[in-house]
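**Q** This is the structure, below, for whatever I ask next.
The values are calculated or read from the model by the stated rules, or taken from the named source; none is laboratory data. Keep in mind that this is a model prediction, so the values were computed, not measured. Note that each Cβ is placed from the backbone with ideal geometry, even for glycine, and that neighbours are counted across all protein chains shown.
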């Protein structure tokens, strides 16, 4: 993979069938997700399963062979149910399950993003975002919106008022969601260069609203798979990322 700097196409919020929560919905494995992202021209991808980091050396090498920097990450639950995207922390989700734990473990080489903050779900940060803005390096513009219904507006407004970068993510559970909303990151390839570029605000969002047909398709599959899971529940437990610290200079 070249070290030259340019604009890298990135998806930083995606799930797969290794997800201990969303395995019911996601029919594809991490390799299939990486391959489809590569086909669509992505150069950065984070697989953010719930409370489990599925990054591995083998997956990273597979992604690298396809021109993709694979970022270690997970969607952790804080205070029981509120979701936060945490990248490159090299620890179990239980070590990140409160705002104070996230704050105490923040370093130069990791990243914290507030996802879908004001969507109408118990998993969203909502009133926890503003009092804890120091914890968050960026705020997500979620791709799950339509031209008429968009719960991103308040989060984007807060980001603008407080100088926080905005990253666009698909919150991918079905492969067709790739390519609808994503982020361009001005960076050289590599985990640390990408995370630093996001923190420095060298990002721009490309996004298109979902059509009503796409929303209907998403929920139809989700409700069907809640009754008929796409696969078996994966083994729980944290996979320690097989990477040395600070190798991506």
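**Q** Run down 63, 46, 37 and say which single residue is surrounded by 24 or more Cβ atoms within 10 Å (Cβ to Cβ), assigned to a helix (DSSP H, G or I), under 14 Å from the mean Cα position of the chain (by Cα) and at pLDDT 95 or above. Before you say what the answer is, go through the steps one by one.
**A** Numbers: 63 fails: under 14 Å from the mean Cα position of the chain (by Cα); 46 fails: assigned to a helix (DSSP H, G or I).
Matching residue, one of 63, 46, 37: 37.
**Q** Read through the list (1) under 19 Å from residue 75 (Cβ atoms); (2) in a loop (DSSP other than H, G, I, E, B); (3) at pLDDT 95 or above, then give the number of the only condition that residue 209 fails.
**A** (1)
**Q** Right, here's the next one. Output the number of residues of region 185-204 satisfying the condition of being farther than 22 Å from residue 162 by Cβ and in contact with a strand residue (DSSP E or B) (Cβ under 7 Å, 6 or more places away or on another chain). Spell out how you get there, then give the answer.
**A** The first filter runs over region 185-204 and keeps only residues farther than 22 Å from residue 162 by Cβ, leaving 187-194.
The next check asks that each one be in contact with a strand residue (DSSP E or B) (Cβ under 7 Å, 6 or more places away or on another chain); those that pass are 187, 189-191, 193-194.
Qualifying residue count, region 185-204: 6.
**Q** So, in region 173-198, of the ones that are part of a loop (DSSP other than H, G, I, E, B) and more than 12 Å from residue 45 (Cβ to Cβ), which residue ends up farthest from the chain's Cα centre (by Cα)?
**A** Of all residues in region 173-198, those part of a loop (DSSP other than H, G, I, E, B) come to 173-174, 178-180, 188-190.
Remaining after also requiring more than 12 Å from residue 45 (Cβ to Cβ): 173-174, 179-180, 188, 190.
Details: 173: 11, 174: 14, 179: 14, 180: 14, 188: 19, 190: 16 Å.
Of everything passing the filter in region 173-198, 188 is farthest from the chain's Cα centre (by Cα).
**Q** If I ask for residues that are assigned to a loop (DSSP other than H, G, I, E, B), on the phi < 0 side of the Ramachandran plot and crowded, with 22+ Cβ neighbours inside 10 Å, which ones from region 111-128 would you list? Write out each step before concluding.
**A** To start, the set of residues in region 111-128 that are assigned to a loop (DSSP other than H, G, I, E, B) comprises 115-125.
Okay, now just the ones that are also on the phi < 0 side of the Ramachandran plot, so 115, 117-125.
Within region 111-128, 115, 117, 125 meet the criteria.
**Q** Would you mind stating whether residue 147 is in a loop (DSSP other than H, G, I, E, B), at pLDDT 95 or above and out of contact with any strand residue (DSSP E or B) (no Cβ under 8 Å at 6 or more places or on another chain)?
**A** Details: in a loop (DSSP other than H, G, I, E, B): yes; at pLDDT 95 or above: yes; out of contact with any strand residue (DSSP E or B) (no Cβ under 8 Å at 6 or more places or on another chain): yes.
Spelling it out, residue 147 is indeed in a loop (DSSP other than H, G, I, E, B), at pLDDT 95 or above and out of contact with any strand residue (DSSP E or B) (no Cβ under 8 Å at 6 or more places or on another chain).
**Q** I've got another one for you. Here are the criteria: (1) closer than 21 Å to residue 89 by Cα; (2) touching a strand residue (DSSP E or B) at 6+ places or on another chain (Cβ under 6 Å). Tell me which single one residue 134 does not satisfy.
**A** (2)
**Q** Mind counting the residues in region 150-172 that are in contact with a strand residue (DSSP E or B) (Cβ under 8 Å, 6 or more places away or on another chain) and part of a loop (DSSP other than H, G, I, E, B)?
**A** Going through region 150-172 one residue at a time, the tally reaches 6.
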